[in-house]
Structures are given as C-alpha cells and as structure tokens.
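Please read the structure below before turning to the comments.
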C-alpha cells in the first residue's frame, strides 16, 4: 500500500500527516515552534537565520515523532511514495543554488517594503496579488536593495515552501502557481509578465533571479539520499511542488466543484469560492488563485472572532453558546435582526471598502446572551454580503459552504448563517493544511 505525506510549515509550528490512497489520514505529528529548544549542534544543517533554524528543528522532530508513531502501527516512512509541503504565503528569502540562505527571511506579515510597494504600484496592473508592502514582490525588491552584494547568477528569490521543498529535493530554484502569485506571477498566462520584467530591469535585476514555476503537485524529483538514511524514506519517494498554507487548508476540506465555498471563521472572516473564471478587484482586496482547473476567488473581512474575544471571557462564550444551542434545539430561537456590523477597530476592506467605517454594535440588548447572538448575526450578515459582492464581481453564488476555523463548531452560529445566506452549511471534516498537502501530493500519483 502506498501513502502520501503532507507537511505544513504554518505560523505556529510544523505538522505532518500521512494519508492513504482513499484520502484517509493514517497518522500525524506536530510540534509548535515555542516548544523547540534550539541546539545548533543537533541541527540537520547549520542555521542560516533564526527562522529557517526553527523550521528545520521542528521538521526534524516532527519526522522522528511520525516515524515512532508509525512503528506502533507496523508501518514506516518507506511506504510513502509522494511528499508535498505548504508554507506561509509571501515569506521570502534569497538562496543560492545549493540552498544556502543569504539574507534574512522576510516573513508573511513583514511590512517594511513600503517604498518598494509604491514603485510596484506604478508598474503593476490591477489583476495581480503582488500589490502591497506584504507582497512577495515588494520583499524581493527590498532584499535586492539591501543585499546587493549577495546577488549573483547563482542565486534565486524563493518563498518559504519553495526553499523547504528544495531542502528535500536538492532543487532550489522552483516555485508553484500559488506561492508565486505574490511575487507577480501571471497564473492565467503561466509566465512572469512583461510589466514585472520591466520593473526588475529598473532595479537592475535579472529574470533568472525568479524561480521556475510549476503547477502544485508536479513531481520535482526524488528525495535526497541523506533523508533516506536518517528517517527511512524510500529512495524513490517523489517530492512534489507545494502550495500555500491557506490553499492547502481549503484542499483538505474536499472543496472541488464550481460554486462550492469555504468560510474561515477565525480571528477574521475569510470567504472563498470556486469559480470557472479568475476575478480580481484590488479595491475590495479580492483576488484569485489557481485551484486545479478552476479558480479560488475570495476576500477577507476585518470582522470575526477577535471581536468576540475582546468583549467576552472564554467561559462566558461557552455558557452563552450552550444557552443559544438549547434555545435552538427547543425551538425557542428567533433572529433579532439588529443589523450589527461588528469590527474590532475602525475600517473595513471587504465586502465594504471604507477605511473610516465604524463598528455598529448598538442598540445593545439588556441580556448578554442576546448581545452575543446579535454579534453572531451581524457577522453572518457580513458573510452573506461578501458572497453577494463576489457574485457582483462575476463569481457564482454558493451552492454549499464548508466552515473551517474555531467558529465552525458553533452549531447555532451555523444555523444563523444558513438563515442569512440561504444555502447549506457544513463543518469541514478535514481542514488541516497538512492534509491538503497530502492530497496535493497524490495529484499526479500513478
């Protein structure tokens, strides 16, 4: 029996998941970065900067943990035929062809490239994900300006997942459609666009500094021999081009048809839907990324669970949720329709673009439980408005919504959302990014 291995290098730690050909998880392991004791002498390779040091330390421990878990099931890592990895979108570094990292890693939330982002705005069209200080392209330009002496014909700018995939395969100049988007890659025409090449020329940078871009899941090559010796991988294990962590999480849900949508109910609300055509609208922060033969279209609201955590203690949230569930089960639940627009601070981008928009959480009911319900209803209204906005921009209206994130388990919130949006909503059975990467690794499985 063959298995695939998905590895997720997320914001908080590393997770690995083994999956069989029926897309059933067999075993998994994880470790948080905060639990790692960094000991340079015990590293797989010497650290080049703090972040890669953490990535490799956690990766090493996770693989050992997974190996030990499999042994208890009379399995081992040699049964894995394909491996794929996901990483945080927009985390960029400069590497040479042997994998040595030559600069600091500018992580996904790094905002230092403000001036470079302004320059990009003078060249880039509206249908690109490379706009903004947090984009991969802005970080490339910042690194190029501040590390000119490190750039040569044998160096390449890479995303986090690109470099880690190269770590396993030995090929350090390859990216994928999803990770390359924020670098300026044109996923519709499958090339680095002319405007980007002109921008690089202005910075005296050669196009060869950009990686080769492959479809996610494409086999890059066999795993390096040292990993076979250290962990027991089979020498013919295929290393595949990866994806971003957010895309992998959606792959894990099983979303695969036009009109199927995924809402992430986390600190913020993220709404994405599968469309036949790509849609871009920088005014609302809406962009598209390749998803097999379809496009994943979506945007993010500033509303979400962070507002609830700012207003209530955890035990209050649990108690009020139980009370609402009881009302719903007993048939005593009614919508309040107070038309809240919950925001943690001033300003909204999607589905309304208004940097001055103020939170609307009044009138406030006398009972805390009713106030809590009104907030849930307000966020459901925002979700409904978001999908209507995507329809206005050319996307299909949802036929089915899968929920992921911490708020997905709230049955009454799910009930409220179904009333507001008018389509079936289910909790995604699987939503781990590592599971999505394991599924991706089977894309070209033979």
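Of all positions in the range 188-203, none carries a residue that is in contact with a helix residue (DSSP H, G or I) (Cβ under 7 Å, 6 or more places away or on another chain), over 30 Å from residue 149 (Cβ atoms) and at pLDDT below 95.
Of all the residues in the range 337-351, those that are surrounded by 15 or more Cβ atoms within 10 Å (Cβ to Cβ) and touching a helix residue (DSSP H, G or I) at 6+ places or on another chain (Cβ under 8 Å) number 8.
Considering every residue within the range 422-434, establish whether at least one is part of a helix (DSSP H, G or I), surrounded by fewer than 19 Cβ atoms within 10 Å (Cβ to Cβ) and touching a helix residue (DSSP H, G or I) at 6+ places or on another chain (Cβ under 9 Å). The answer is no; no qualifying residue exists.
What are the residues in the range 204-227 that are free of Cβ contacts under 8 Å to residues at least 24 places away in the same chain and out of contact with any helix residue (DSSP H, G or I) (no Cβ under 8 Å at 6 or more places or on another chain), if any?
Restricting attention to the range 204-227, the residues satisfying the condition of being free of Cβ contacts under 8 Å to residues at least 24 places away in the same chain are 204, 207, 225-226.
Result: 204, 225, 226.
Scanning the range 278-296 for residues being in a strand (DSSP E or B) and either out of contact with any helix residue (DSSP H, G or I) (no Cβ under 6 Å at 6 or more places or on another chain) or surrounded by fewer than 23 Cβ atoms within 10 Å (Cβ to Cβ) (or both) gives a total of 9. Hey, any hits in the range 214-226 for a residue that's buried (at least 16 other Cβ atoms within 10 Å of the Cβ), assigned by TED's automatic domain parsing to the domain that holds residue 134 and out of contact with any strand residue (DSSP E or B) (no Cβ under 8 Å at 6 or more places or on another chain)? Taking every residue of the range 214-226 in turn, at least one turns out to be buried (at least 16 other Cβ atoms within 10 Å of the Cβ), assigned by TED's automatic domain parsing to the domain that holds residue 134 and out of contact with any strand residue (DSSP E or B) (no Cβ under 8 Å at 6 or more places or on another chain).
For the range 34-88, the candidate set comprises residues that are touching a helix residue (DSSP H, G or I) at 6+ places or on another chain (Cβ under 6 Å), at pLDDT 90 or above and part of a loop (DSSP other than H, G, I, E, B); within that set, the residue that is surrounded by the most Cβ atoms within 10 Å (Cβ to Cβ) is 88.
In the list 438, 386, which residue meets the criterion of being buried (at least 21 other Cβ atoms within 10 Å of the Cβ), touching a strand residue (DSSP E or B) at 6+ places or on another chain (Cβ under 9 Å), part of a helix (DSSP H, G or I) and not assigned by TED's automatic domain parsing to the domain that holds residue 299?
Details: 386 fails: not assigned by TED's automatic domain parsing to the domain that holds residue 299.
Checking each option against the conditions leaves just 438.
Residues are listed down the side, and each one gets a yes or a no for (1) more than 25 Å from the chain's Cα centre (by Cα); (2) farther than 18 Å from residue 419 by Cβ; (3) not assigned by TED's automatic domain parsing to the domain that holds residue 177:
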{"position": "291", "(1), (2), (3)": "no, yes, yes"}
{"position": "310", "(1), (2), (3)": "no, yes, yes"}
{"position": "329", "(1), (2), (3)": "yes, no, yes"}
{"position": "359", "(1), (2), (3)": "yes, yes, yes"}
{"position": "367", "(1), (2), (3)": "yes, yes, yes"}
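Listed here are the residues, each with its yes/no results for (1) crowded, with 22+ Cβ neighbours inside 10 Å; (2) more than 24 Å from residue 189 (Cβ to Cβ).
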| position | (1), (2) |
| --- | --- |
| 113 | yes, yes |
| 135 | yes, no |
| 143 | yes, yes |
| 147 | no, yes |
| 152 | no, yes |
| 157 | yes, no |
| 161 | yes, no |
| 170 | no, yes |
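Going by what's in this entry, would residue 303 be described as buried (at least 23 other Cβ atoms within 10 Å of the Cβ), outside any strand (DSSP E or B) and either at negative phi or more than 14 Å from the chain's Cα centre (by Cα) (or both)? Yes; evaluated as a whole, the condition is true for this residue.
Report yes if some residue within the range 110-118 is over 30 Å from residue 224 (Cα atoms), touching a strand residue (DSSP E or B) at 6+ places or on another chain (Cβ under 9 Å) and in contact (Cβ under 8 Å) with a residue 60 or more places away in the chain; otherwise report no. Scanning the range 110-118, I find no residue that is over 30 Å from residue 224 (Cα atoms), touching a strand residue (DSSP E or B) at 6+ places or on another chain (Cβ under 9 Å) and in contact (Cβ under 8 Å) with a residue 60 or more places away in the chain, so the answer is no. Residues that are surrounded by fewer than 14 Cβ atoms within 10 Å (Cβ to Cβ) and free of Cβ contacts under 8 Å to residues at least 60 places away in the same chain were ranked within the range 6-27; the one that is farthest from residue 73 (Cα to Cα) is 12.
The values are calculated or read from the model by the stated rules, or taken from the named source; none is laboratory data. Keep in mind the model is a prediction, meaning the values are calculated, not measured. All Cβ positions, glycine included, derive from the backbone under ideal geometry; neighbour counts span all protein chains shown.
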